[in-house]
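The values are calculated or read from the model by the stated rules, or taken from the named source; none is laboratory data. Predicted model only: the values in this text are computed from it and were never measured. Reconstructed Cβ throughout: ideal geometry from the backbone, glycine too, with neighbour counts over all protein chains shown.
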C-alpha cells in the first residue's frame with residue numbers, strides 16, 4: 001500500500017515537473033545527407049586553418065582583410081563617390097587594426113534600413129603589464145594581467161606564445177608573433193609536482209593558481225660577465241633589441257598578448273567536433289565573413305561587423321564606440337548626397353540585427369549546473385539565445401527570425417539559463433539604437449578555456465543561418 005502511494009506521488013511529481021512545451025531535441029547530423037556532410041567536414045577544415053592563425057583581434061582583422069580582398073571587397077574611403085556604390089558592390093572598413101566591417105550595398109536605399117551580423121573578436125587571454133619582466137630564482141618571467149574571465153589553473157603547463165604589436169615613439173610598429181611555428185620557442189607557466197604541493201592543496205579551485213602567479217617563463221640563460229646584466233633578464237633584453245628592435249622602454253607602448261599555441265584539432269574518432277582556442281568568439285565572426293562573402297546582391301545593405309573588447313569593456317574599438325555610427329553616416333552621405341542625424345535614426349529604426357556569440361552547451365560530463373530542458377546541445381544546430389531580464393528579442397522579431405531560419409531549412413535550437421547562471425551580450429547597444437536585435441550563436445563546451453570545443457554541424461548551420469538572414473526580404 002505504501003509502495004503504491006509512493007508510486008502515485010512520484011508519477012504526480014513527474015507530471016508536474018514535465019514542461020508543457022519543450023524543445024524537440026534532434027541532432028542536426030540526422031538532417032544532412034552524405035553530400036552535405038562532406039561539405040560540413042570541408043568547411044570545418046577551412047575554419048581550423050583560419051583559427052590557427054587568427055589568435056587575436058588584430059590577427060583576425062589581418063586574416064579577415066585577406067579573405068575579403070580575395071572575395072572582391074575593396075577598402076572603404078569616406079569620400080567614395082555614389083557612382084561606385086552600386087548594388088552588389090563590396091567594401092570593408094577597419095578601425096585601429098582591431099575592428100573589421102565587411103558590407104555589400106543592397107538594392108534599396110540605406111535609409112530604408114540595413115542588416116547587421118555583429119560578433120566580437122577578442123578572447124580571454126593574458127597580457128603583458130607595462131613593466132613586465134621579473135627575475136625569479138634564476139629565470140625571467142612575465143608579469144601578466146588577465147583579459148576576460150578565465151580559470152587560472154587551465155593556463156598552467158600548456159604551450160603559450162606571444163602575439164601583438166609594439167609601437168615606438170618614432171611612429172613605427174613592430175609586429176610580434178612567437179610560438180606559432182613548430183620551431184619557435186614557447187612560454188610555460190609552471191606548476192608544483194604532487195611530491196611537494198601539500199601546503200597548497202587547501203586552496204580552492206579558483207585559487208589553485210592565483211592571478212598574480214600567472215607568470216610564464218621567457219628566459220633562463222645568464223650572461224657570463226660581472227655586469228649588472230649577469231641575470232637572465234639582461235640576455236633577454238639583448239635578444240629583444242637585437243632580434244626585434246625592441247628596447248625596454250618600448251614595452252610601455254606595447255599591445256602584447258600571451259595566448260595558447262595548440263593548433264585546432266578534431267575531437268573524437270568520428271571527427272564531428274573541433275577544439276580550438278578563441279572560439280568565443282572568433283568562430284562566429286569567421287562564419288559571418290564567410291556568409292557575407294557568399295551573397296551576391298542583397299535587398300538591403302548588409303554588414304558583417306566584428307568588434308573588439310567584448311570580454312572586458314568596449315573602449316574605442318568596441319561596440320560602444322561612435323566609429324560604426326560614423327561609418328553609416330558616411331554611407332548615407334555618399335549615397336544620398338547629404339546627411340542628418342534624423343537620417344541615421346530613421347535608418348536604425350528599420351534595421352535588423354543578429355548579435356552572435358557562443359554560449360555554454362550542455363557539458364556531457366557535468367550537465368547538472370544547467371537546466372537540460374533549456375540548454376543548447378552540441379550538434380543540434382545554431383542557437384537562439386533568450387536570456388530574459390531584458391536581454392531577449394521582442395516576440396514579433398523572434399517570430400520573423402524563426403521564419404527566416406525555417407524557410408531556409410536551418411537546424412536551430414534555443415538556450416536559456418536558470419536563475420543565477422549565464423552571461424551578458426552586447427545586443428543592448430543595438431537595441432539602444434532602436435534596432436530589432438536578437439542573440440544567436442553556437443553552443444560550445446569548455447568555454448573560456450585555452451581549448452574550447454564546438455560541433456562542426458553547428459558551425460555549418462550558423463553559417464547557413466547568417467546567409468539566410470542576409471538574403472531574406
* Asked: Would a scan of segment 139-159 turn up a residue that is closer than 29 Å to residue 326 by Cα, buried (at least 17 other Cβ atoms within 10 Å of the Cβ) and in contact (Cβ under 8 Å) with a residue 40 or more places away in the chain?
  -> yes
* Structure fact -> Here the residues within segment 95-121 that are more than 18 Å from residue 335 (Cα to Cα) and surrounded by fewer than 16 Cβ atoms within 10 Å (Cβ to Cβ) are 96
* If only one of 357, 406 is assigned by TED's automatic domain parsing to the domain that holds residue 117, on the phi < 0 side of the Ramachandran plot and in contact with a strand residue (DSSP E or B) (Cβ under 7 Å, 6 or more places away or on another chain), which one is it? -> 357
* **From the options 463, 417, 397, residue that is more than 20 Å from the chain's Cα centre (by Cα) and crowded, with 18+ Cβ neighbours inside 10 Å** => 417
* Asked: If a residue has to be at pLDDT below 95 and within 28 Å of residue 261 (Cα to Cα) to count, how many in segment 427-446 make the cut?
  -> 0
* Residue check, residue 412 farther than 23 Å from residue 351 by Cα and touching a helix residue (DSSP H, G or I) at 6+ places or on another chain (Cβ under 8 Å) -> no
* What is the residue count in segment 66-84 for residues that are crowded, with 17+ Cβ neighbours inside 10 Å and closer than 18 Å to residue 293 by Cβ? -> 4
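Matching residues to (1) in the same structural domain as residue 459 (by TED's automatic domain parsing); (2) more than 30 Å from residue 60 (Cβ to Cβ):
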position: 198; (1), (2): no, yes
position: 202; (1), (2): no, yes
position: 213; (1), (2): no, no
position: 234; (1), (2): no, yes
position: 241; (1), (2): no, no
position: 256; (1), (2): no, no
position: 283; (1), (2): yes, no
position: 287; (1), (2): yes, no
position: 291; (1), (2): yes, no
* Structure fact -> Only one of (1) under 19 Å from the mean Cα position of the chain (by Cα); (2) within 20 Å of residue 30 (Cα to Cα); (3) surrounded by fewer than 24 Cβ atoms within 10 Å (Cβ to Cβ) does not apply to residue 382, and that is (3)
* Asked: Which condition does residue 169 not pass, out of (1) over 23 Å from residue 203 (Cα atoms); (2) buried (at least 19 other Cβ atoms within 10 Å of the Cβ), if it passes all the others?
  -> (2)
* **Test set (1) under 23 Å from residue 118 (Cα atoms); (2) without any contact (Cβ under 8 Å) to a residue 12 or more places away in the chain - residue 268 fails condition number** => (1)
* Structure fact -> The condition from (1) modelled with pLDDT under 95; (2) over 24 Å from residue 463 (Cα atoms); (3) assigned to a loop (DSSP other than H, G, I, E, B) that residue 14 misses is numbered (3)
* To do: Please tell me if residue 178 is more than 30 Å from residue 429 (Cα to Cα), buried (at least 17 other Cβ atoms within 10 Å of the Cβ), over 19 Å from the mean Cα position of the chain (by Cα) and free of Cβ contacts under 8 Å to residues at least 60 places away in the same chain.
  => yes
